[in-house]
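Notes follow once the structure below has been shown.
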Amino acid sequence: MQIQEATARKLADMDEGAVRRAYARWAPVYDMTFGLIADAGRMRTVEHINRLSGKVLEVGVGTGISLARYRPHLKVTGIDLSPEMLERARERVERRRLGNVEAILEMDASAMRFADDGFDVVVAMYVLTVVPDPGKVMAELKRVCRPGGEVIIVNHFSQEHGVRGAVEKGMARFAETLGWRPEFPVETLLGTEGLHLVDAQPLKPFGLFSMLRFTKEPSGPQASTKALRLARRAGLRTGTEIRDATA
């Protein structure tokens with residue numbers, strides 16, 4: 001059994017319509033609320049991407065808050081499901097004259113209209129807790145990334161125990177209203193065949209978020225086990241043991 005299958009039953013349901021409505025509400029205030037909270041992690045992620053080269057796909061580009069930080073040598077495409085968010089992203093591109101941003105598109109991350117292997121870097125920041133089917137989105141991120149390229153995930157991962165774990169469990173029933181899942185174990189993202197986890201780092205503030213870096217290459221059960229160990233060393237608490245996830 002893949003890791004996503006072992007943890008899928010724990011995830012709160014997310015309806016696409018509910019997500020669209022939630023982010024229509026968030027769009028006018030996003031930059032000054034969650035945008036600020038997540039800014040340190042976003043900055044660190046873009047700093048890493050700026051050391052790479054080629055074509056970048058930002059999945060869940062939102063209001064485009066990251067776009068001005070990409071260096072000019074990168075060719076950037078952004079997609080999002082929310083028209084209200086995208087309107088602000090396009091305004092930002094025009095206002096800042098971001099010539100290296102090639103396209104801002106409305107698109108479903110679980111069914112992207114891109115050819116296989118078309119991007120050197122695919123990044124999804126603060127997205128996977130939002131989508132109805134995280135496993136399907138991970139497969140799409142892998143598909144559009146070239147072999148040897150990087151898939152980078154920045155996300156909140158829940159804890160199983162302690163005060164924070166109790167709060168996340170209590171908030172889980174409000175997932176559709178919030179527009180994201182408070183309860184989201186890291187194993188959900190570690191079983192995508194063909195993606196190999198090479199790095200996991202906690203991010204500010206307070207380690208609430210983490211950056212996972214994958215390369216696109218063949219993988220198998222041993223790679224999944226190694227990925228789980230790497231995530232644990234980064235301080236990510238997991239909700240299930242690997243022996244249960246692979247049984």
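Odds and ends about this structure:
- Scope the range 106-134; condition within 14 Å of Phe214 (Cβ to Cβ) and over 15 Å from the mean Cα position of the chain (by Cα); matching residues: Phe119, Asp120
- Residues (more than 19 Å from Gly118 (Cα to Cα) and surrounded by 17 or more Cβ atoms within 10 Å (Cβ to Cβ)) located in the range 49-83: Gly62, Thr63, Gly64, Ile65, Ser66, Leu67, Leu81, Ser82
Any read-out appearing in this document is the output of simple, stated calculations on the displayed coordinates, not a laboratory observation. Owing to the predicted nature of the structure, the values given are computational and were not obtained by experimental measurement. FYI the Cβ positions are ideal-geometry reconstructions off the backbone, even for glycines, and counts take in every protein chain you see.
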